[in-house]
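Every read-out reported here was derived from the displayed coordinates using simple, explicitly stated rules and does not represent laboratory data. Quantities reported herein were computed from a predicted structural model and do not represent experimental measurements. Here the Cβ positions follow ideal geometry from the backbone for every residue, glycine too, while neighbour counts run over all protein chains shown.
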Amino acid sequence: MRTLVLLFFAIVVSCSGQTIYSERIKGIRINGTAKANFPIVLMDSDPVTISFDVDGTTLENYRVKIFHCDKDWNITQSSFINDEFRNYSTSQIPYEIVPSGVKYYRWTYSFQIPGVKGLEHLPQSGNYKIEVWNEDKNELLADGKLFAVEKIDDSVLTIFNRYLQSEISPQNQVNKAVLFFMLPTPQIADASPLYANYVKTVDIYRNREIETRHRIDVDNRNANTFIDGVGTNNLKFMIDNLQPGNEYRRVDLRNTDLFPPYEILRPRNGADVSRWQWQGAEDQNGTSVIVTGNIYADYVQFQFELGRPEENTNDKIYIVGDFNDWKVDEKWRLQYDDTIKHYKLLAWLRRGAYDYQYVLNGNDWTALEGNDWRTMNVYTALLYYHDVRFGGFDRILVAAQKKSPGGTEATSN
């Protein structure tokens, strides 16, 4: 066994979203056990599983580091919280050699947080950035996010349908989220009592869209948020104008007869079209399922195609899905092909089934997809507490998940 060499890397200024920095990394997947596989860790239980595929000629020594971050993903500047002697794995990440016949990568690495050797426990609740490093080359390969919480209590969150009078149909069909939280009364013998003045923020996420956060904040209110009971032990956080959108589209590449290996694959039913007033079939809440354990557990080239009227060919259209962390990215922008009169993007995907959708001009998630109460989404709410100990850091006291009610009627004023 090789000698363990400890390398300490400089802390960067802020935490970014799931990102791949090396061409050798073919895909990174981060899944929790919560609804929609949302990456929630219940402190030292219910771990998140991180896996990625690697291509190359030499087996490399990969390690993982974690950093506690504040609610805005800035790394917590406290050696008590981010201890450089305890925030790295102490052995190589476990890996498997790919099955014989797989062509486009050679190893799959997989580990759990908490659970990988050296990271069996998390010091505090809160946001965590995960980094994968090549230890021998001092090279950052990829990073991602998870949320460590102190309690899971789905009963504190309620989702409603509501008409938004300031908008026209179908944009006026919105979801409203309400979170109630009762702060425990501080006890004299409590070593770290909680104080109401430091409970200020709730973040809401839809399905697996971690890069699209909806915030309710005592210090930054807006027309769509409401907070009751500030400074007391009984708090109510509410946010309006959560557009349900449409059920995601889905591409299933698992059938090798319909989608043969080593070919450029195209949609079987022709190009996608706008679904502005067309309700999609039930989706899988943004999750994906990949093929494993056989010669078809490989990467394939799939051409996404979207048909649009020719007068709209200057629009910027992006595709988002579990294959790119539901993040709008220039690398996932479709280009207009005047020959076939479609927008298209040729992408490498690990063979499997994926939810996905289109985003217009980088920020409009409904113009091409529609918006309808019948859409069933999993909403995740995270309640933050700013602990003033150890120089100050953000904890997550509770996480809650609820599905939207669906249906065609308002359920709240």
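In this rough spin-label picture, where each label sits 7 Å from Cα along the Cβ direction, the Asn269-Asn74 distance is 4.8 nm. Rounded to the nearest 0.05, the FRET efficiency derived from the C-beta distance between Asp315 and Lys137 at R0 = 56 Å is 0.85.
Each Cα pair under 8 Å and six or more residues apart adds its separation to the average, and for the chain the resulting relative contact order is 18 percent. Note on Thr33 and Ile295: the extension gain reaches 91.6 nm, defined as 0.36 nm multiplied by sequence separation minus the Cα-Cα distance. Within the chain, the longest run free of GluC sites (Glu not before Pro) that sit in a DSSP loop with at most 15 other Cβ atoms within 10 Å is 283-408. Ignoring the sites themselves, the chain has its longest run without chymotrypsin sites (Phe, Trp or Tyr not before Pro) in a DSSP loop having at most 11 other Cβ atoms within 10 Å at 86-261. Placing dummy labels 7 Å off each Cα toward the beta-carbon, the span from Lys403 to Ile340 is 3.5 nm.
Taking Cα centroids, how far is segment 108-137 from segment 347-406 in Å? Cα centroid to Cα centroid, the span is 23 Å. How much FRET efficiency would the formula 1/(1 + (r/R0)^6) give for Ala223 and Asn361, where r is the Cβ-Cβ distance and R0 is 22 Å, rounded to 0.05? Taking R0 as 22 Å, the efficiency between Ala223 and Asn361 is 0.45.
Legend: residue pairs Lys129/Lys200; Lys71/Lys327; Lys145/Lys316; Lys35/Lys327, Cα-Cα distance threshold 25 Å; pairs beyond threshold, Lys145/Lys316. Think of the chain as having a plus end and a minus end, set by charges on the Cβ of Lys, Arg, Asp and Glu; of Asn61, Gly126, Tyr198, Asn61 sits farthest toward the positive end of this dipole.
Shape verdict for segment 270-378, please, from the Cα gyration tensor: rounded (a/c under 1.5), prolate (a/b greater than b/c) or oblate.
Note, shape of segment 270-378 comes out oblate.
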